[in-house]
Amino acid sequence: MFTKPQNSVYFTEINRFEDKNTTRQVRTEAKTVGEFLEEQNVALSAHDSLNHDINTPLGNKMKVVVTRGRAFTIQTGEAIVLCSTTQETLGDAMLQAGFYPQENDIVSHDLKEVVTDGLAVSVTSVTNENVQITEAIENTTEYVDDAALEQGKTKIIQEGFLGECQVTVN
């Protein structure tokens, strides 16, 4: 009697957003990862990740892992970028998408917030730069009593001048 060759595959589905992580061992006659997923009725969205290409041949005791993802957008200035993530928190999702908020940047949501499908995040970049300005310093008048001068008369001992001061502001 002739039997079709079967592989034993370890299939894991990870969904960090719903705190689900399941692994099961499956016997299959599928020849590729794509055929296996189809056989198991596993649909992938554009935001999910798969640890193998769908055309990869299946091997015995192979591990196939699907990590469920979500879509979110990041707006910086005029640019709006559609991102996909398999990370649970916004901070990790932004890092996965290649966005690295700086210390002074203003992010519209808490970076510890769980990513929801379609979440729209805005990031306002805040930069600090030192600016030097010149401020005028007025000359001052100093009066000194002098008994040798007639009462009500003044005498200039040293002519004053306007000064300036460099001030650095942040």
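The values are calculated or read from the model by the stated rules, or taken from the named source; none is laboratory data. Since this is a predicted model, take the numbers as computed values, not measurements. Don't worry about glycine lacking a Cβ; one is built from the backbone with ideal geometry, like all the others, and counts go over all protein chains shown. Only protein heavy atoms, including side chains, enter the accessible area calculation; ligands, DNA and RNA are left aside. Shrake-Rupley method; radii C 1.70, N 1.55, O 1.52, S 1.80 Å.
So which pairs qualify, if the first residue must be in region 138-161 and among the hydrophobic types (A, V, I, L, M, F, W, C), the second must be open to solvent by 100 Å² or more (accessible area, probe 1.4 Å) and assigned to a loop (DSSP other than H, G, I, E, B), the Cβ gap must be under 7 Å, and the two must be at least 6 apart or on different chains? Close Cβ pairs (under 7 Å, with a partner that is open to solvent by 100 Å² or more (accessible area, probe 1.4 Å) and assigned to a loop (DSSP other than H, G, I, E, B)) amount to Leu149/Lys155. Of everything in region 73-82 that is assigned to a strand (DSSP E or B) and within 19 Å of Asp105 (Cα to Cα), the residue that is least open to solvent (accessible area, probe 1.4 Å) is Ile74. Only one of the numbered conditions (1) over 30 Å from Glu113 (Cβ atoms); (2) under 21 Å from the mean Cα position of the chain (by Cα) is violated by Ala71, and that is (1). Of all residues in region 107-128, those satisfying the criterion of being part of a loop (DSSP other than H, G, I, E, B) and not charged (D, E, K, R) are Ser108, His109, Leu111, Val115, Thr116, Gly118, Ser125, Val126, Thr127, Asn128. Which of the residues that make up region 8-49 are surrounded by 13 or more Cβ atoms within 10 Å (Cβ to Cβ), touching a Ser or Thr at 6+ places or on another chain (Cβ under 9 Å) and part of a loop (DSSP other than H, G, I, E, B)? Those that are surrounded by 13 or more Cβ atoms within 10 Å (Cβ to Cβ), touching a Ser or Thr at 6+ places or on another chain (Cβ under 9 Å) and part of a loop (DSSP other than H, G, I, E, B): Arg16, Phe17, Gln40, His47, Asp48. Asn104: of a type in the set (S, T, N, Q), open to solvent by 80 Å² or more (accessible area, probe 1.4 Å) and part of a loop (DSSP other than H, G, I, E, B), yes or no? Criteria not met by Asn104.
If the condition is being open to solvent by 100 Å² or more (accessible area, probe 1.4 Å) and either at pLDDT 80 or above or out of contact with any Leu (no Cβ under 9 Å at 6 or more places or on another chain) (or both), then region 145-161 contributes Asp145, Ala147, Glu150, Gln151, Lys153, Thr154, Ile156, Ile157, Gln158, Glu159, Phe161. For region 50-61, the candidate set comprises residues that are in a loop (DSSP other than H, G, I, E, B) and surrounded by 14 or more Cβ atoms within 10 Å (Cβ to Cβ); within that set, the residue that is farthest from the chain's Cα centre (by Cα) is Leu58. In summary, Val64 fulfils each of the numbered conditions (1) under 13 Å from Val115 (Cα atoms); (2) open to solvent by less than 20 Å² (accessible area, probe 1.4 Å); (3) assigned to a strand (DSSP E or B) with the single exception of condition (1).
Looking only at region 129-140, count every residue that is open to solvent by 100 Å² or more (accessible area, probe 1.4 Å) and in a loop (DSSP other than H, G, I, E, B) and tell me the total. Residues that pass the stated criteria total 4. Taking (1) part of a strand (DSSP E or B); (2) on the phi > 0 side of the Ramachandran plot in turn, Gly152 satisfies each apart from (1).
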